[in-house]
Protein chains: 2
Amino acid sequence: MKSFAVVLSGCGVYDGAEIHEATLTMLAIAREGASYQCFAPNINQHHVINHLDGKEMSEKRNVLVESARIARGDIKDLKEFKAADFDAIIFPGGFGAAKNLSTIAFDGANASVNGDVEKAVVAMKEAKKPIGALCISPAVIAKILTKVNVTIGTDKATIEVIEKIGAKHFETTHGDVVFDEENLVFTTPCYMLDAKITDIDDGANNIVDAMLKWME
Amino acid sequence: MKSFAVVLSGCGVYDGAEIHEATLTMLAIAREGASYQCFAPNINQHHVINHLDGKEMSEKRNVLVESARIARGDIKDLKEFKAADFDAIIFPGGFGAAKNLSTIAFDGANASVNGDVEKAVVAMKEAKKPIGALCISPAVIAKILTKVNVTIGTDKATIEVIEKIGAKHFETTHGDVVFDEENLVFTTPCYMLDAKITDIDDGANNIVDAMLKWME
């Protein structure tokens, strides 16, 4: 049975992991008979957004604690992640990837990346194991690996950031997966496009399926 | 196109709506070509649970604001719900149904039900439109309609509460749907059983499919 590490970045599209992308990634993995373990960095969120009105709230929330909501409590500190324990790693999207896992939402191509996230991605690349990323997360992978082929769909501002980093962007539509053979990086746009929840299901299925096919 | 109202109770299994059940209910509806609008009551959560360690946190969170995380901001106050606008209503589970939509988690058969939830369910029953409930939510429907046939799976303590209320419980396993023809109530156990995420997908698909078939 192939095992995936699923890295979450909070709980909610505007300040954490996108909930549909996270849930449907876990479903896609389980559907194919593979297993998953959720991880998240044990750090404070950059901020807390009221998802009803879009305004910042004067609260502090922890990325690992909030991610545990999506994982039903079954989640580990990303510090504990070991590449040897998993066959693949995958990052659902949501602004959490650009605000908590990295500072891409604020600093663009000059962003910094959380140390535990960087270590996990580098360790998987060195172990020659596949790395998956949905939605905005491919920008984080680009920031870590630099010379990599990715997609985030068609969003001009984000494509500019990715190309400034030195990565190559491929325009895609719903459900498409871009595969970088050299870096073993798989990416799909999901909610970076104006998507329906069924498109997210397609994207999650297609990327997990492509990763598993490569592993066979 | 048939339209569903999806009633959420927060965001996270231990103090709100169960995230997988909510997401997969929305996916099941969209997959069948129907539409949905999310709703939640605009009230404070009973409490906030740290989903990593299971302990209560000294915070206040609002059910509508937190539910908006699952709905990506596209959610309405349940006070605005009108039975005339929808073909069906459905309640995903999670402790939020038993702690926020009602007090069943604390008061069992003597629980009270949130006024907006009760109004919505009674209005749909009077309009002879189908009512769906997953996981623990059938206990809330039982508390409102009293003489109704439901399932929450096999959990003895909850079955006792449901029968004390005056409703009839049917034991079921993963993906089963109990249909009460007189009240047009559809129920399925989901995470009230020791379930995998693929079982939740089956349960959500089966209940939405049964509701749509009845509507045809």
Could you look through the stretch B:1-35, keep only residues that are in a helix (DSSP H, G or I) and of a type in the set (S, T, N, Q), and pick out the one that is nearest to the other protein chains (Cβ to nearest Cβ)?
-> B:THR23
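Does A:LYS129 count as of a type outside the set (Val, Ile, Thr), open to solvent by 10 Å² or more (accessible area, probe 1.4 Å), under 25 Å from A:SER67 (Cα atoms) and assigned to a helix (DSSP H, G or I)? Write out each step before concluding.
Working: of a type outside the set (Val, Ile, Thr): yes; open to solvent by 10 Å² or more (accessible area, probe 1.4 Å): yes; under 25 Å from A:SER67 (Cα atoms): yes; assigned to a helix (DSSP H, G or I): no.
When the stated conditions are applied, A:LYS129 does not pass them.
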Of (1) more than 21 Å from B:MET26 (Cα to Cα); (2) open to solvent by less than 20 Å² (accessible area, probe 1.4 Å); (3) touching a residue at least 40 places away in the same chain (Cβ under 8 Å), B:LYS99 satisfies all except one. Which?
-> (2)
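So which of B:ALA30, B:ALA111 is open to solvent by less than 50 Å² (accessible area, probe 1.4 Å), free of Cβ contacts under 8 Å to residues at least 24 places away in the same chain, at negative phi and in contact with a Ser or Thr (Cβ under 7 Å, 6 or more places away or on another chain)?
After applying the criteria, what remains is B:ALA30.
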Among the numbered conditions (1) small (Gly, Ala, Ser); (2) part of a helix (DSSP H, G or I); (3) out of contact with any Lys or Arg (no Cβ under 9 Å at 6 or more places or on another chain), tell me where B:GLY108 comes up short.
-> (3)
Determine which single condition A:GLU182 fails, assuming it passes every other condition in (1) buried (at least 19 other Cβ atoms within 10 Å of the Cβ); (2) farther than 23 Å from A:ARG31 by Cβ.
-> (1)
Can you confirm whether the stretch B:88-105 contains a residue that is among the β-branched types (Val, Ile, Thr), part of a strand (DSSP E or B) and away from chain A (no Cβ under 13 Å)?
-> yes
Strands (runs of 3 or more DSSP E) contained entirely in the stretch A:142-216, each with at least 1 residues that are more than 14 Å from the chain's Cα centre (by Cα) and over 13 Å from A:GLU21 (Cβ atoms) | A:149-153, A:168-171, A:178-180
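Rundown of residues vs (1) open to solvent by less than 10 Å² (accessible area, probe 1.4 Å); (2) closer than 23 Å to A:SER35 by Cβ, yes/no style:
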{"position": "B:LEU134", "(1), (2)": "yes, no"}
{"position": "B:ILE141", "(1), (2)": "yes, no"}
{"position": "B:GLU160", "(1), (2)": "no, no"}
{"position": "B:GLY203", "(1), (2)": "yes, yes"}
Among residues of the stretch B:72-85 being assigned to a loop (DSSP other than H, G, I, E, B) and either open to solvent by less than 20 Å² (accessible area, probe 1.4 Å) or farther than 16 Å from B:ILE141 by Cβ (or both), the residue farthest from the other protein chains (Cβ to nearest Cβ) is B:LYS82
The residue that is nearest to A:ALA71 (Cα to Cα), considering only those in the stretch B:36-58 that are among the hydrophobic types (A, V, I, L, M, F, W, C) and part of a loop (DSSP other than H, G, I, E, B), is B:LEU52
Quick one: is B:LYS60 within 11 Å of chain A (Cβ to nearest Cβ) and surrounded by fewer than 21 Cβ atoms within 10 Å (Cβ to Cβ)?
-> yes
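The values are calculated or read from the model by the stated rules, or taken from the named source; none is laboratory data. What you are looking at is a predicted structure, and each value in this text was computed from that prediction instead of being measured. As a convention, Cβ positions derive from the backbone with ideal geometry for all residues, glycine included, and neighbour counts pool all protein chains shown. Note: accessible area is taken over every heavy atom of the protein model, side chains too, but ligands, DNA and RNA are not part of it. Shrake-Rupley method; radii C 1.70, N 1.55, O 1.52, S 1.80 Å.
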